[in-house]
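As structure tokens, the structure follows; a few thoughts come after it.
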Amino acid sequence: MRDVSAVPKRRRTKLLLGGVCAVAIAVSSVALTTFAHADLTGPTGTTLKAAAERSGRYFGAAMGADRLSDSGFLTIANREFDMMTAVNEMKPDATEPQRGQFNFTNGDRIYNWAVQHGMRVRGHTLAWHAQQPWFWGSLSGSALRQAMIDHINGVMGHYKGKLAYWDVVNEAFAEDGSRRNSNLQQTGNDWIEVAFRTARNADPSVKLCYNDYNIENWSYGKTQGVYRMIQDFKSRGVPIDCVGLQTHFTGGSSLPSNFQTTLSSFAALGVDVALTEVDVTNSSTTQYAGLTQACMNVPRCVGITTWGIRDSDSWRGSENPLLFDRNSNPKPAYTSVLNALNAATTTVPGTSTSPSAPVSTSPSAPVSTSPSAPVSTSPSTPSGTGCTATYSTVNSWGGGYQGEVTVTNNGSSALGGWTVSLTLAGGQTLANIWNGINTGTSGRINVRNATYNGTVGANASTSFGFLVNGSTNTAPGTLSCTGS
């Protein structure tokens, strides 16, 4: 995630192209459907999933349980996508609200809808420094380690044999390539390995993934840190099957020129790669086409997932970052992605051979469901010198919230940089930040621009987001913005 912060298969099914009949076969506890060989010289795909399936890949999206009553969302999802990820409903705080007492209501609702519409489901996520069960905050050391193990066993036991992938660990690295200083990291440097070994024992059939953001640029410290961990895990037999690159791009030149090198370098370690939470500022057609083409050029890049479907679904909604507009119409970026998918080579992901057809899993038996409440937002509009900072709550839950600050240049000349200051409420701590760099303390936060979004033209704007943990969802106060 970036969710609040977003894949393919040990077993792969082949998709029907051109009206060929399907023959169903059962494998273990997951039903698979095998179709006739894909013909990449035949008609091109007219939907994202059909175009991706021509080369054995998938095209997915993320949804919250609140979208289950949104007919516009569901219509597009059913037509265009063949993989689904729950935005928040399978995260630790949602699935284990009380110690040892699990709640899968909303996760199951999403799962059931997806499989009933012929989709596979990606589990997101099992171990993360944010959105943790509240009681993890009172634990440390071996007690916290055991709570993590119990959580993984409980959640994976419920979904055993049903999911295509699990993001076992999410966002465990700092920007310089070192381990993020979290309560889980403080239980010992082997906690990620323990999480993956626990996950493999809990469900031998699902693919196990590490997922993170800002690991798209091959020369970046964080990318190299994750690469070294995967390299170490593969050399020692730690079970890991895939790496998810969230791919949150912010306009301009944020699609790295070496993005394909990053994908192929991870894949060379013997893991699949996937783009798991894709969104791009203003839906840049060149960046969407470029990231899609990079995936298509790497045989082990198994698929792409956008974090939402329409701009109105996005956690970055003010940036209009998705492939469909608020009226459910496809945008020019949609066409650029569709064309790149249809231009893919005949190589099946994970192999060096031509496809015997794309992959898709038929639904397992649905699980029981019950309704959920929609997510609310709340705005705030402070001001500063040279620029204006506007705050809004994008998402909130029992132990924290996701906020977004829009920085607007209210001057007549371009800004060369900006800094936003804000104060968190008592008992709150900053868990994560993106599209900006925090230089403040836990209570008073000073966020300066990242390297790629410091220049803001007259009357133009940019934004950054953050996650806060704490006992209240009180919005930050005393915002100010200073431009340079």
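Could you work out the Rg to Rh ratio of segment 243-346, with Rh taken as the Kirkwood radius (inverse of the mean 1/r over all Cα pairs)?
Using only Cα positions, Rg/Rh for segment 243-346 is 0.97.
Taking all protein chains as they are arranged and a probe of 1.4 Å, the heavy atoms of ARG228 leave approximately 120 Å² accessible to solvent.
Think of segment 162-296 as a dipole: +1 on every Lys or Arg Cβ, -1 on every Asp or Glu Cβ, centred on the Cα centre; then among TYR220, CYS242, LEU275, CYS242 lies furthest on the positive end.
Rolling a 1.4 angstrom probe over segment 249-330 with all protein chains present gives an accessible area of which 45% lies on carbon and sulfur atoms.
Kirkwood analysis of segment 220-303, using all unique Cα-Cα pairs, places the hydrodynamic radius at 13.3 Å.
Cα-Cα over 31 Å: which of LYS160/LYS331; LYS91/LYS222; LYS160/LYS234; LYS91/LYS234? Pairs exceeding 31 Å: LYS160/LYS331. Peptides 175-187, 65-77, ordered by how many other C-beta atoms sit within 10 Å of their residues on average, highest first, read 65-77, 175-187. Other residues lying with their Cβ under 13 Å from the Cβ of LEU269 contribute a combined charge of +1, Lys and Arg counting +1, Asp and Glu -1. Reported to the nearest whole Å, the Cα centre-to-centre distance from segment 92-142 to segment 166-220 is 16. Hull volume per residue, based on the alpha-carbon atoms of segment 56-100 and their convex hull, is 82 Å³.
In nm, what is the difference between 0.36 nm times the number of residues separating SER328 and THR75 and their Cα-Cα distance?
In short, 90.2 nm is gained.
A probe of 1.4 angstrom, applied to the heavy atoms of all protein chains, finds GLU319 with accessible area near 20 square angstrom. In this Cβ point-charge picture (+1 for Lys and Arg, -1 for Asp and Glu), segment 133-227 has a dipole of about 320 debye about its Cα centre.
Relative protection proxy for 465-476, 265-276, 52-63, from highest mean packing down: 52-63, 265-276, 465-476 (other beta-carbon atoms within 10 angstrom). Contour minus end-to-end for GLN98 and ASN258, with contour as 0.36 nm per residue of separation and end-to-end as the Cα-Cα distance? Taking 0.36 nm per residue and subtracting the Cα distance, the gain is 53.2 nm. Were the residues from ASP176 through ILE437 laid out at 0.36 nm apart, the gain over their Cα-Cα distance would be 92.7 nm. Per the Kirkwood formula applied to alpha carbons, segment 71-196 shows a radius of gyration over Rh ratio, Rg over Rh, of 1.01.
Reported to the nearest whole Å, the Cα centre-to-centre distance from segment 50-75 to segment 281-322 is 13. Dividing the Cα radius of gyration of segment 202-250 by its Kirkwood radius returns 1.02 for Rg/Rh. Here the alpha carbons of segment 277-338 define both size measures, Rg and Dmax, at 11.3, 35 Å.
When peptides 111-120, 204-213 are ranked by their average number of other Cβ atoms within 10 Å per residue, the highest-first order is 204-213, 111-120. Electrostatic bookkeeping for GLY290 treats Lys and Arg as +1 and Asp and Glu as -1; over the other residues with beta carbon under 15 Å from its beta carbon, the sum is -2.
The values are calculated or read from the model by the stated rules, or taken from the named source; none is laboratory data. As the structure is a prediction and not an experimental result, all values here were calculated from the model. Every residue, glycine as well, gets a Cβ built from its backbone with ideal geometry; the counts of neighbours run over all protein chains shown. Side chains are part of the model used for accessible areas, which takes the heavy atoms of the whole protein and leaves out ligands, DNA and RNA. Shrake-Rupley method; radii C 1.70, N 1.55, O 1.52, S 1.80 Å.
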